[in-house]
Each structure stands twice: as structure tokens, then as C-alpha cells.
Amino acid sequence: MENSSCMYKLTYGTLMINLRLILVSGKTKEFLFTPNDSAADITEWVYNSWPPEWTEELLPSSNILRLIYQGRFLHGNVTLGALQLPLGKTTVMHLVARENLPEPNNQGTLFNAITTYKF
């Protein structure tokens with residue numbers, strides 16, 4: 001299935017997902033992953049295969065790399081398949097350095113605080 005117009009590749013019988021990762025500096029690089037790869041797998045692999053053109057961006061360890069997809073940080077166990085990423089198209093994610101993930105936004109508490117206020 002070798003077709004230069006295809007945005008995905010068949011490797012070892014598995015359809016691959018093309019990810020374009022963007023650093024805070026604006027540098028980008030494309031990588032191929034399987035639907036079974038998790039966010040933790042991806043950040044570990046990218047760290048261990050750090051592109052030469054990103055040399056000045058290298059971080060002290062892989063465990064502070066985080067992926068952002070559609071404005072949300074991905075937890076380490078989330079797989080690309082669970083995100084239902086389209087095969088045959090490039091998916092863009094941001095790759096950032098962050099020690100901890102932000103706490104989930106609890107909109108219910110904010111909504112209750114606003115609606116219970118008496119005028």
C-alpha cells in the first residue's frame with residue numbers, strides 16, 4: 001500500500017496515525033504512531049528520539065513532557081485510538097513541558113456559587 005498521496009502508512013499490518021507535534025517555540029515535526037500508543041508512550045518515544053532540529057529545546061527528562069489536543073492536556077494512559085483520531089489525515093498536537101497536569105475544571109461549583117447569590 002505504498003502511495004505517496006496517503007497521509008498514513010501501513011506498518012507491520014497496522015494503520016499508523018500521523019501526528020504533527022508543535023513546540024512552544026513554533027518548531028514542528030511529524031511522527032507516526034499506532035492507535036494503541038498512549039500519550040505517555042508518545043512523549044517517552046519523542047524524548048528518546050529527540051529530533052536534531054529541536055536540540056536547543058531538549059528537556060532534562062521525559063516525564064515532564066505533556067501533549068495538548070483540542071485545548072486539553074492528555075493524561076498518560078489515553079490512547080490515540082480512544083481519541084478516535086482519523087486515519088489518513090494529519091492530527092496536530094502541542095508538546096509542552098509541564099510538571100503537573102492542571103486540576104479538572106469544576107464548573108458545577110462555580111455555577112452553584114453564582115446561582116445561589118441573593119440580590
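Here the Karplus curve 6.51 cos²θ - 1.76 cosθ + 1.60, taken at θ = phi - 60°, turns the phi angles of region 73-80 into couplings of 5, 8, 6, x, 8, 6, 8, 5 Hz, with x standing for Gly and Pro. Shape analysis of region 48-97 yields a ratio of the Cα radius of gyration to the Kirkwood radius, Rg/Rh, of 0.99. Distances between placed amide hydrogens fall under 5 Å for Val92 paired with Arg20, all partners being 5 or more residues away or on another chain. Relative to the current alpha-carbon distance between Glu53 and Leu23, full extension at 0.36 nm per residue lengthens the span by 9.6 nm. Among His75, His94, sorting on how many other beta-carbon atoms sit within 10 Å of each Cβ, with the fewest leading, yields His75, His94.
Readers should treat all values here as calculations from the given coordinates under stated rules, not as data from a laboratory. As the structure is a prediction and not an experimental result, all values here were calculated from the model. Quick reminder, even Gly has a Cβ in these numbers, built from the backbone with ideal geometry, and neighbours come from all protein chains shown.
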